[in-house]
1. Could we say that residue 193 is out of contact with any Ser or Thr (no Cβ under 7 Å at 6 or more places or on another chain), hydroxyl-bearing (Ser, Thr, Tyr), on the phi < 0 side of the Ramachandran plot and at pLDDT 95 or above here?
2. Filtering segment 97-116 down to residues that are in contact (Cβ under 8 Å) with a residue 60 or more places away in the chain and assigned to a loop (DSSP other than H, G, I, E, B), which residue is surrounded by the fewest Cβ atoms within 10 Å (Cβ to Cβ)?
3. Only one of (1) surrounded by fewer than 19 Cβ atoms within 10 Å (Cβ to Cβ); (2) touching a strand residue (DSSP E or B) at 6+ places or on another chain (Cβ under 9 Å); (3) under 19 Å from residue 169 (Cα atoms) fails for residue 76. Which number is that?
4. Within segment 151-190, can you find the residues that are more than 29 Å from the chain's Cα centre (by Cα), closer than 18 Å to residue 41 by Cα and modelled with pLDDT under 90?
5. In segment 117-138, what residues are part of a loop (DSSP other than H, G, I, E, B) and in contact with a helix residue (DSSP H, G or I) (Cβ under 7 Å, 6 or more places away or on another chain)?
6. Give me a count of the residues in segment 117-165 that are under 17 Å from residue 175 (Cβ atoms), of a type in the set (Ser, Thr, Tyr) and exposed (fewer than 15 other Cβ atoms within 10 Å of the Cβ).
Amino acid sequence: MWPKTLRSRLIFLTAIAVTLPLLGSEYYTTLHSEQALILEKQRKLFGITRVLDHYLQGDYQDLLQKYDKLSASREEQISFLNQRLRSYTDQVAASHPGVGVGYYSRDLDAIITYGPSDIYHDRVGTPISPSHEGRLVMQTGGERVQIGDLVRGPIMNAMLPIIRKESVVGYIWANELTADIQAEIDIMKKRVYLSVFLGILLSLLGVGLLTPEAMDYLCRYAWPGNVRELANTLERAVVLARGVIQEKDLLPLGVEGMATRHLSIDSSGTLKEILHRTERSVIIQALQLNGGNRLKTAEMLGISRRALFYKIDEHKLTVPKSATDEQLTD
């Protein structure tokens, strides 16, 4: 059933007009924020892999040759390389809590380090599975991100090929548990949902607290900013007003909207001429906004009623007297 009173209609229309756009905005914001967070995570992880790549400088063969380990067995070579690289791997992992990092050798087909080593030391020396996309990284020489259940568990894994002398000798990875990433996304979503809920609640609450004069003002105002301007106005009025929302709690918002959205300033002529034209335009629009009521117009503009009369005469404006004006004297 269609509401009968103006207040009920405004509450009903506000519920629809404010809620639907805000819900659409919430969906768009959440979707794009989630994508942005994931991209930021990937950039962070690849940044960590480049730090490890820079530390390695040469390749695994250089280290083995330098310390006369080329003739050692596969297990001995893996153990030696782990001893040389484990400490720095752990330092990098400690600098990024929750992140797992490490080196992989293509020739030895084994994990060389996996930090933090106190948790993942048992992975050292093991090969990745045939379906692991680290093999594609070593085959193609291109960076890759894989999300799935891998060596560490369900993770987002950023992999950087180790390229030396135009050959891929292995890859470096940095990963983060998908559960940790999802937890951050959930926190972000809760904040967006809360802001939308509060926006709707404040807007509806604002309509319920409006005095008849304030309601009349809202109905007369043109709202060039559409629903978003109405919602913002009500939210701000609810926060700033003491008790019920009166017309004076909304008037400064009308002046601000009028000054920033309605005015079209002619910049030709001297500064004095420009200011004169601008003042005239502001007075005309304020009078229109207040239905010709000069007392309300003076209050909106922050000047006395006598000063407004002077300005009207100065700008040669014709304004019919309202009944309210005739009853008032300075």
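The values are calculated or read from the model by the stated rules, or taken from the named source; none is laboratory data. Since the structure is predicted, the reported quantities are computational estimates derived from the model, not experimental observations. Backbone-built Cβ (ideal geometry, glycine too); neighbour counts: all protein chains shown.
1. Numbers: out of contact with any Ser or Thr (no Cβ under 7 Å at 6 or more places or on another chain): yes; hydroxyl-bearing (Ser, Thr, Tyr): yes; on the phi < 0 side of the Ramachandran plot: yes; at pLDDT 95 or above: no.
For residue 193, the condition - out of contact with any Ser or Thr (no Cβ under 7 Å at 6 or more places or on another chain), hydroxyl-bearing (Ser, Thr, Tyr), on the phi < 0 side of the Ramachandran plot and at pLDDT 95 or above - is not met.
2. Taking the candidates together, the pick is 98.
3. Status for residue 76: all satisfied but (2).
4. Scanning segment 151-190 gives 152, 153.
5. Step one: filter segment 117-138 for residues part of a loop (DSSP other than H, G, I, E, B), giving 124-133.
124, 125, 128 - these are the residues of segment 117-138 that are part of a loop (DSSP other than H, G, I, E, B) and in contact with a helix residue (DSSP H, G or I) (Cβ under 7 Å, 6 or more places away or on another chain).
6. Of the residues in that region, 3 qualify.
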